[in-house]
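**Student:** Pasting in a structure now, in structure tokens, and then I'll have a few things to ask.
Nothing in this text is a laboratory measurement; each read-out follows from the coordinates by a stated rule. All values reported here derive from a predicted model rather than from experimental measurement. As a convention, Cβ positions derive from the backbone with ideal geometry for all residues, glycine included, and neighbour counts pool all protein chains shown.
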Amino acid sequence: MLAVKDLNHQLAGLGTTIFTVMSALAVEHGSINLGQGFPDTDGPADVLKAAADALMDGRNQYPPMTGVTELRQAVAAANKRFYGLEVDPNTEIVVTSGATEAITASLMALINPGDEVVLIEPLYDTYVPVVRLLGAIPKLVRLTPPNWELPRAELAAAFGPKTKAIMLNTPMNPTGKIFSRAELGFIAGLLQKHDCYAVCDEVYEHLVFDGLKHIPLMTLPGMRERCLRIGSAGKTFSLTGWKIGYITADARLAGVATKAHQNLTFTSAPNLQRAVAVGLGKDDSYFAGLAGALEAKRDLMAEGLARIGFSVLPTHGSYFISADFRPLGFNGDDMAFCRYITEQAKVTAVPVTAFYDAPDAPTHFARFAFCKRDEVLLEALARLEKLFAPLTGQGPKA
Ligand code: PMP
Ligand code: GLN
């Protein structure tokens, strides 16, 4: 007899993530992949060497559940160095298999079925499915381009007696928005008024441009006990495949997040954890250099896309820049556009509608990842210019 009983409704109904879809399309067409956000060069040599050494010196069995001591200490020290936060490495850090697990574990730690969770669109594509999987109700508030300002009245209206938490991503993917101290202060006020928590996805904490500063919500008055702050070695050390993430939270929250982690993965590779500890100990110039290099790539991409005729949105952090393709004369939606440039120019981007839960999202933006070598970005721009020059009449005619 064939098995016919239905499977988990949330998961069975979920599509494959856009990052996998677009990367597969890029491979199929042999295109330059500016879709999924990953650097095309390895992270720092000393961090790689530390991982290689730690593979060979007998650190290959289960590490402690909340992470190897060196990494927990390094995450605590980084919290102090960059944000002045005093953190107990023994009770307030949980090392996870990437920020992806950290997000799920943090939401698991907070949510009971029927709770409401406030989320800000556009948003990373794991947030809403996990909230629903846990039986909670997403309350979506939308930012509007080009400046993606926080609509304060709408945000306040999304909070109510059933609200348990807000999911906050700053620096924000895909907008490159850095939440200001004033915006964070407004959010903090709502959390106190409604006695709520925040899951703070700060994976791009060190990728901030234009002289702006990343401010963790956790550093604001009254927020220390309400926030689970999430970082990712993948982004901080350009090693996205390593999947080492870390949660910083008050011991009460971290303790329950640890129970989630215990049941999800229990732990992650000890040698990689040890190497990330070495990375977090690097001097300030490393972190400034990483942001500076990416800022120059942001500029290269912004100027190049504008020259081709895109209407480019500002981006102040992360790996990503989004652009409106309507000025090019393309009349289809963003998925059609991303397919079109993959097939015709051999350049792949991600449709920004993938970052919306509701069907009425704007459909005219494509997101480009600029965390690539300059020659790769220049080649991608040259290909796009060649494809669109006849349409816009700005470039050389064939
Ligand atoms: N949050 C955001 C906003 C992201 O862009 C990503 C993608 N890398 C993640 C979380 C996941 O990070 P990790 O690869 O460490 O799981
Ligand atoms: N965070 C990456 C992005 O936004 C993708 C991560 C993934 O593929 N899961 O492109």
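**Student:** Between the range 247-325 and the range 345-389, how far is it from one alpha carbon centroid to the other, in angstrom?
**Tutor:** 19 Å
**Student:** Normalised by the empirical 2.2 N^0.38 Å for globular proteins, what value does the Cα Rg of the range 251-398 take?
**Tutor:** The reported ratio for this selection is 1.37.
**Student:** Where Lys and Arg each count +1 and Asp and Glu each count -1, what net charge lies around Thr267 among other residues with Cβ under 15 Å from its Cβ?
**Tutor:** That works out to +3.
**Student:** Starting from the eigenvalues of the Cα gyration tensor, five times each then square-rooted, give me the equivalent ellipsoid semi-axes of the range 1-123, largest first, whole Å.
**Tutor:** 32, 25, 19
**Student:** Taking the alpha-carbon distance from Lys282 and a cut-off under 12 Å, which aspartates and glutamates remain once sequence neighbours fewer than 8 residues away in the same chain are dropped?
**Tutor:** Lys282 reaches Asp46.
**Student:** Quick one: what Rg and Dmax do you get for the range 321-390 from the alpha carbons, in Å?
**Tutor:** Radius of gyration, then largest Cα-Cα span, for the range 321-390: 12.2, 37 Å.
**Student:** Highest mean first, how do 341-353, 297-309 rank when packing is the count of other Cβ atoms within 10 Å averaged over residues?
**Tutor:** 341-353, 297-309
**Student:** Kirkwood hydrodynamic radius, the range 265-304, all distinct C-alpha pairs: what's the number in Å?
**Tutor:** 12.5 Å
**Student:** If you line up the long axis of helix 334-344 against the longest principal axis of the chain, both from Cα atoms, how many degrees apart are they, to the nearest 10?
**Tutor:** The helix 334-344 is inclined about 60 degrees to the chain.
**Student:** Sticking with this structure for a sec: Taking a cut-off of 16 Å between Cα atoms, list the lysines near Lys346, but don't count ones fewer than 8 places away on the same chain.
**Tutor:** Within reach: Lys372, Lys386.
**Student:** On a 0 to 90° scale, report how tilted helix 45-56 is relative to the longest principal axis of the chain, with both axes built from alpha carbons and the result rounded to the nearest 10.
**Tutor:** Taking Cα atoms only, the helix is inclined about 50 degrees.
**Student:** Let me ask something else about it. Scaled to the compact-protein estimate 2.2 N^0.38 Å, what is the alpha-carbon radius of gyration of the range 293-353, rounded to two decimal places?
**Tutor:** 1.11
**Student:** Give the average over all directions of the projected area of the C-alpha convex hull of the range 116-194, one decimal, in nm².
**Tutor:** Mean orientational projected area (the range 116-194, Cα hull): 4.9 nm².
**Student:** Okay, next question. Taking other Cβ within 10 Å of each residue's Cβ, how do Thr41, Thr315 sort, fewest first?
**Tutor:** Thr41, Thr315
**Student:** Can you list residues whose amide H is under 5 Å from Ile137's amide H, if they're 5+ apart or on another chain and H is modeled 1.01 Å from N?
**Tutor:** Gly114, Asp115, Glu116, Val117
**Student:** Can I ask one more? In deg cm²/dmol, rounded to 500, what helix-only [θ] at 222 nm does the chain give when every DSSP H run of at least 4 residues adds -39500 (n - 2.57) and the total is split over its residues?
**Tutor:** That comes out to -13000 deg cm²/dmol.
**Student:** Now for a different question. How would you order 242-248, 180-186 from highest to lowest mean count of nearby Cβ atoms within 10 Å?
**Tutor:** Highest-to-lowest ranking by the protection proxy: 242-248, 180-186.
**Student:** Further question on the same structure: Using the Kirkwood formula on the Cα atoms of the chain, what hydrodynamic radius do you get, in angstrom to one decimal?
**Tutor:** One over the average 1/r among Cα pairs gives 21.9 Å for the chain.
**Student:** Would you pull out the residues with amide H under 5 Å of Ala198's amide H, same chain only if 5 or more places away, H placed 1.01 Å from N?
**Tutor:** Under 5 Å from the amide H of Ala198 lie the amide H atoms of Ile166, Cys227, Leu228, each far enough along the sequence or on another chain.
**Student:** Over 5 Å intervals from 0, what percent of Cα-Cα pairs in the range 162-267 sits in each interval?
**Tutor:** Once binned at 5 Å, the Cα pair distances of the range 162-267 give 2, 12, 20, 23, 20, 14, 7, 2, 0.
**Student:** To continue, here is another question. Which pairs, out of Lys80/Lys177; Lys162/Lys259; Lys164/Lys297; Lys193/Lys243; Lys5/Lys139; Lys177/Lys235, put more than 27 Å between their alpha-carbon atoms?
**Tutor:** In this structure, Lys164/Lys297; Lys193/Lys243; Lys5/Lys139 exceed 27 Å between Cα atoms.
**Student:** Still on this model: Using per-residue counts of other Cβ atoms within 10 Å, averaged over each peptide, order 101-109, 148-156, 4-12, 129-137 from highest down.
**Tutor:** Result, highest mean Cβ count within 10 Å first: 101-109, 129-137, 148-156, 4-12.
**Student:** Determine, from the Cβ-Cβ distance of Thr126 and Ala389 and an R0 of 45 Å, the FRET efficiency 1/(1 + (r/R0)^6), rounded to the nearest 0.05.
**Tutor:** Working from the Cβ atoms, E equals 0.75.
**Student:** Cα centroid distance between the range 1-41 and the range 204-245, in Å?
**Tutor:** For the range 1-41 versus the range 204-245, the Cα centre distance is 26 Å.
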